[in-house]
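So the structure is just underneath, and the comments pick up after that.
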Amino acid sequence: MSSGFTQVSGWGQTSPARTFLRDAQSVKELHNVLTSVGRRGAIARGLGRSYGDAAQNSGGSTIRFTDRSFSFDADRGVVTASAGATFDDIMTQIIPHGWFVPVTAGTRQITVGGAIAADVHGKNHHHDGSFGNFVHSISLLLASGDVAELDRSSHHDLFFATIGGMGLTGVILSATFDLLQVSSAMMSVRTERHGDIDSLMESMLRNDSAFRYSVAWVDGTATGKHLGRGVITHGDHASSDEVRSNHKRPSDYRSPTTIDIPPFVGAARSVRRSTSLLFSELWYRKAPKLREGQLVSIPSFFHPLDGVGHWNRLYGKNGFVQHQCVVPLDRDDVIRSILQRVSSDRPANVVNVLKRFGEGNDAHLSFPQPGWTLTVDLPVTSQLSTTLADIDEMVSSAGGRHYLAKDATTGSHSIRGGYPRLGEWQHIRHRVDPDQRWQSDLSRRLNLCATLKETE
Amino acid sequence: MKSGTGELQTIALFGGTSEIGLTILRTFVGPSTERIVLACRDTVSGQTVADTFAEHITVDVIEWEARDLAAGPNIISMLGDDNRDVDLVIIAAATLGEQSAFDADPVLAGEAVVINTASPIATLSATASQMTAQGHGNIIVLSSVAGVRVRSDNRVYGASKSGLDSYALALANELDDTGVEITVVRPGFVHGRMTDGMKPAPFATDPATVASATHNAVAAGRRVVWVPRVLQLVFAVFRILPNSIWRRIRR
């Protein structure tokens, strides 16, 4: 067990925290750590891919559960994994056997514990829902030191409070979840380019149900009649017939090696207005108007950014905010307004993603709900807080919400409005953690763990 | 907590109606600011000030008597009670007074030092402990060039600011690597309510200039800010003047 005060931050590198970072390899070590947690409490941290302040705890403890082991039943397609197991490791082992994770975020570098705590979603949300939908059971270390076994029938309220619960109900120790059967390690992809946001959204609504995976990249620098122009990629796991010609069997899957952005690059911001304009133009132009049946590898379809280690450093030392919201389907006007607001600031903005969410689930704080979800990357500048306040106002008044795993700036009132089941969740949380043992910078900033008298 | 864009959620001002203190505070108020605490003696004026802030901000006006040394630390500890953090504390309360009045009433002189030195030190001390525990925070201490080298015609005010300034800088050293940062502000003559009717000294400035210089210093992580900046040079000379010359300097 190693430990010490150190500075950690989320993937966006904003608001770093000085925290007592403690590694525990086993449940016994976790128990030891717990006995010495003080008033500022503790929060679990995986690979630090939350963008904001969800997995850090200023002045308190931040615990990394470093057991990365998992077991895999290749006949039934079920994985039982320690919370510290990574999607990268799991995929490397399961894909050659013809299985795939049921949901993958935009990176493989996340842990099972983090995926449950944030109830991550992927390009298949409209088809399959979020990761929590595939979880059978969770083993949770409670504030009392006891370990609870949660599933849909036993402790079901705590089970759903833990999915999407941002680590604030306890430390997830392990979980069992279902896999998806695939017959190749390739994706069959359809690419469409659209010259404006209306045509892009209209096409997405019309076509996405025909594909398991669907997502659009949107040009955040385009304005006027080109506002929201972008490229839709729909995809399905390629059948064995489709890949026969190029011999890509599941067993050919390799987790690709990455190039790494060294720390000194972060001293100067590399993503600037000029580079973002150039990138956006090239990215848009290189996409075909329509291409079908293209075979693409799993990493380049799902995790293109994993090809560049520490790409977050490209935004410079002030970091960046990845803002993700969802608004109801009939409020597509809000998506247009957000894109207008973003482009009017002329930011150095590269990665913007639009997707249609399907049904949500029973988890109290799970982010996805039916509607349009838009993600924008925005480097921190002096005007950013005003921009984000305007956007948050648009989202809130449309009945939308913000993704807690990415949030770094939203006010607590927007979160209360966006998550109507927050009070219910707080009651469940209070029952298992009356002394506020689990805390994070996120929970304090958004007053998530407010004492019950404040919320009643 | 600070937001990802560096905005502050909770700000407390000791000397809640202080003109310079409020002007500094306003430069830190943004869309993410949720709570402001104004600690002041005159809560009626404090409430008038409170009403000027945007509707989404909760402003608590708390009665605070600087001469009561326990009052400041009590407010700080109350702020920490609800498990939310204090991001910025501005210590701005001070009394300027007339040297002639201090000469006529030694108790008044002592009281001025309580208000200008003892009380801020008590509050600073409590703030430092609390912010160290939360792992982050900013403190702004209103000092004055008058404390850099104390003039005989302003000796009570100057000496009291000198004491506060020295304590704050030493505390800042103590807080290295705790995530807590102190910025000591040393303005010259500032036009405003406190100096109304007084003859301005050379290099006089105004609250808005002090506030923006302070804001920039905090953002840049500078420990001492002189307003205007030229006073740093002026006082570098003043500090080494032989006393035979210094003793004759009057404002």
Within the stretch A:354-376, is there a residue that is within 14 Å of chain B (Cβ to nearest Cβ) and either assigned to a loop (DSSP other than H, G, I, E, B) or of a type in the set (Asp, Glu) (or both)?
no
Looking only at the stretch B:168-189, which residues are more than 15 Å from B:GLY221 (Cα to Cα) and surrounded by fewer than 17 Cβ atoms within 10 Å (Cβ to Cβ)?
B:ALA170, B:GLU174
The stretch B:179-193 - residue that is outside any strand (DSSP E or B) and out of contact with any helix residue (DSSP H, G or I) (no Cβ under 7 Å at 6 or more places or on another chain) and, of those, nearest to B:LEU142 (Cα to Cα):
B:HIS191
So which residues in the stretch A:197-227 are hydroxyl-bearing (Ser, Thr, Tyr) and in a helix (DSSP H, G or I), if there are any at all?
A:SER199, A:SER203, A:SER209
Pairs only if they're at least six apart or on different chains, beta carbon under 6 angstrom, first in the stretch B:155-176 and without any contact (Cβ under 8 Å) to a residue 24 or more places away in the chain and assigned to a helix (DSSP H, G or I), second among the small types (Gly, Ala, Ser) and surrounded by 16 or more Cβ atoms within 10 Å (Cβ to Cβ); list them, first residue then second.
B:GLY158/B:ALA146; B:GLY158/B:GLY147; B:SER162/B:GLY147
Within the stretch A:300-321, can one find any residue that is crowded, with 22+ Cβ neighbours inside 10 Å, part of a strand (DSSP E or B), touching a helix residue (DSSP H, G or I) at 6+ places or on another chain (Cβ under 8 Å) and β-branched (Val, Ile, Thr)?
yes
Out of the residues in the stretch A:58-75 that are surrounded by 18 or more Cβ atoms within 10 Å (Cβ to Cβ) and touching a helix residue (DSSP H, G or I) at 6+ places or on another chain (Cβ under 8 Å), state the one that is farthest from the other protein chains (Cβ to nearest Cβ).
A:PHE70
Going by the conditions given, is A:THR387 outside any strand (DSSP E or B) and open to solvent by less than 10 Å² (accessible area, probe 1.4 Å)?
yes
If you go through the stretch A:228-239 one residue at a time, do you hit one that is among the polar types (S, T, N, Q), in a helix (DSSP H, G or I) and either touching a Lys or Arg at 6+ places or on another chain (Cβ under 9 Å) or touching a residue at least 60 places away in the same chain (Cβ under 8 Å) (or both)?
no
Condition met for B:ALA54 (at pLDDT 95 or above, among the small types (Gly, Ala, Ser), farther than 23 Å from B:ASP165 by Cβ and over 18 Å from the mean Cα position of the chain (by Cα)):
no
What's the number of the only condition in (1) touching a strand residue (DSSP E or B) at 6+ places or on another chain (Cβ under 7 Å); (2) under 23 Å from A:ASP128 (Cβ atoms); (3) not acidic (Asp, Glu) that A:PRO379 fails to meet?
(2)
In the stretch B:125-137, the residues that are away from chain A (no Cβ under 13 Å) and surrounded by fewer than 22 Cβ atoms within 10 Å (Cβ to Cβ)
B:SER125, B:ALA126
Could you tell me which residue of the stretch B:72-88 is nearest to the other protein chains (Cβ to nearest Cβ), considering only residues that are surrounded by fewer than 20 Cβ atoms within 10 Å (Cβ to Cβ) and part of a helix (DSSP H, G or I)?
B:GLY80
Which of the residues that make up the stretch A:390-411 are buried (at least 19 other Cβ atoms within 10 Å of the Cβ), facing another protein chain (nearest Cβ under 9 Å) and of a type outside the set (A, V, I, L, M, F, W, C)?
A:ASP392, A:ASP407, A:THR409, A:THR410, A:GLY411
Looking at (1) open to solvent by 10 Å² or more (accessible area, probe 1.4 Å); (2) over 30 Å from B:GLN130 (Cβ atoms); (3) within 16 Å of the chain's Cα centre (by Cα), find the lone condition where A:ALA55 falls short.
(2)
Considering each of B:GLY21, B:GLY6 in turn, give the residue that is part of a loop (DSSP other than H, G, I, E, B) and in contact (Cβ under 8 Å) with a residue 40 or more places away in the chain.
B:GLY6
Run B:ALA122 past the list (1) within 14 Å of chain A (Cβ to nearest Cβ); (2) under 19 Å from the mean Cα position of the chain (by Cα); (3) open to solvent by less than 30 Å² (accessible area, probe 1.4 Å); (4) not hydroxyl-bearing (Ser, Thr, Tyr) and report the number of the one that doesn't hold.
(1)
Candidate set: the stretch B:28-56, residues that are buried (at least 17 other Cβ atoms within 10 Å of the Cβ) and of a type in the set (Val, Ile, Thr); chosen: the one nearest to the other protein chains (Cβ to nearest Cβ)
B:THR33
Only one of B:THR23, B:THR17, B:THR10 is crowded, with 20+ Cβ neighbours inside 10 Å, among the β-branched types (Val, Ile, Thr) and within 14 Å of chain A (Cβ to nearest Cβ), namely B:THR10
Failed condition for A:VAL78, given (1) surrounded by fewer than 19 Cβ atoms within 10 Å (Cβ to Cβ); (2) free of Cβ contacts under 8 Å to residues at least 60 places away in the same chain; (3) of a type in the set (A, V, I, L, M, F, W, C), with all others met?
(2)
Looking at A:GLY167, A:GLY98, A:GLY129, can you tell me which residue is surrounded by 24 or more Cβ atoms within 10 Å (Cβ to Cβ) and small (Gly, Ala, Ser)?
A:GLY167
Those residues of the stretch A:93-108 that are within 20 Å of the chain's Cα centre (by Cα) and more than 18 Å from A:PRO304 (Cβ to Cβ) come to a total of 1
List the number of the failed condition for A:SER297; all other conditions in (1) without any contact (Cβ under 8 Å) to a residue 60 or more places away in the chain; (2) on the phi < 0 side of the Ramachandran plot; (3) not hydrophobic (A, V, I, L, M, F, W, C) hold.
(1)
Over the stretch B:58-67, the set of residues exposed (fewer than 15 other Cβ atoms within 10 Å of the Cβ) and touching a Ser or Thr at 6+ places or on another chain (Cβ under 8 Å) is B:GLU63, B:ARG67
Kindly indicate the residue of the stretch B:1-48 that is of a type in the set (S, T, N, Q) and more than 30 Å from A:PRO16 (Cα to Cα) and also nearest to the chain's Cα centre (by Cα) among those meeting that condition.
B:SER18
How many residues are of a type in the set (S, T, N, Q), touching a Gly at 6+ places or on another chain (Cβ under 8 Å) and closer than 20 Å to B:GLY72 by Cα when one looks only at the stretch B:133-165?
2
Within the set of pairs 6 or more residues apart or between chains, which connect a residue that is closer than 19 Å to A:HIS234 by Cβ and crowded, with 20+ Cβ neighbours inside 10 Å inside the stretch A:356-377 to a residue that is at pLDDT below 95 and among the aromatic types (Phe, Trp, Tyr) with Cβ atoms less than 9 Å apart?
none
Among (1) within 14 Å of chain A (Cβ to nearest Cβ); (2) at pLDDT below 95; (3) assigned to a helix (DSSP H, G or I), B:ASN216 falls short only on (2)
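The values are calculated or read from the model by the stated rules, or taken from the named source; none is laboratory data. From a predicted model like this one, the values you see are computed outputs, not experimental measurements. Ideal geometry is used to build each Cβ from the backbone, glycine not excepted, and the neighbour counts take in all protein chains shown. All accessible areas refer to the heavy atoms of the entire protein, side chains included, with ligands and DNA or RNA removed. Shrake-Rupley method; radii C 1.70, N 1.55, O 1.52, S 1.80 Å.
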